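Reviewing the structure listed below.
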Amino acid sequence: MTKITKQQIDVLQKIMELELESLVDETQQEMDPQLKASINEINGGAADVDDEAVADTIVDVDNAIIGMHLQKARDLNTALDRIQTGTYGICIDCGDDISFERLTAYPTAKRCIICQSRREKTRANRPASTI
Ligand SMILES: [Zn+2]
């Protein structure tokens, strides 16, 4: 499989950065004022609280939609980190290159299509009783 090029990574990086941006905006709009106030409190109370700690706190709050968005935001952040460290586009299971087609469809994909489908098959075939 052909390794994705720097230009292709640049394109995907732009897509993910934009997605992350709109995700943050959306999440802030969805947050109810009470939650927002408590986050402001967290921010005001301790200046050294980093974004991740705040995110953890929000995840703790029982809000499925925001939780889902934050999970997505983390996936995007992880993928962007992987671009920085040069491991983006490499399957975490087999170390093969993930195809550009797959990354275009799922920019945050961590596995190649073969490992992903193997993983899904293994999961689907496992009888419920053995879990
Ligand atoms: Zn793989």
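Filter region 63-120 for residues that are of a type in the set (Ser, Thr, Tyr) and touching a helix residue (DSSP H, G or I) at 6+ places or on another chain (Cβ under 8 Å); which is farthest from residue 17 (Cα to Cα)?
Ranking the qualifying residues of region 63-120, first place goes to 99.
Tell me whether region 60-80 contains one or more residues that are within 18 Å of the chain's Cα centre (by Cα), at pLDDT below 65 and over 30 Å from residue 8 (Cα atoms).
yes
Scanning region 86-117 for residues that are near the ligand (Cβ under 9 Å from one of its atoms), closer than 18 Å to residue 72 by Cβ and either part of a helix (DSSP H, G or I) or touching a Gly at 6+ places or on another chain (Cβ under 6 Å) (or both) returns a single hit, 116.
The values are calculated or read from the model by the stated rules, or taken from the named source; none is laboratory data. Here the structure is a predicted model, which means the values were calculated and not measured. Positions of Cβ are backbone-derived with ideal geometry, glycine not excepted, and every protein chain shown enters the neighbour counts.
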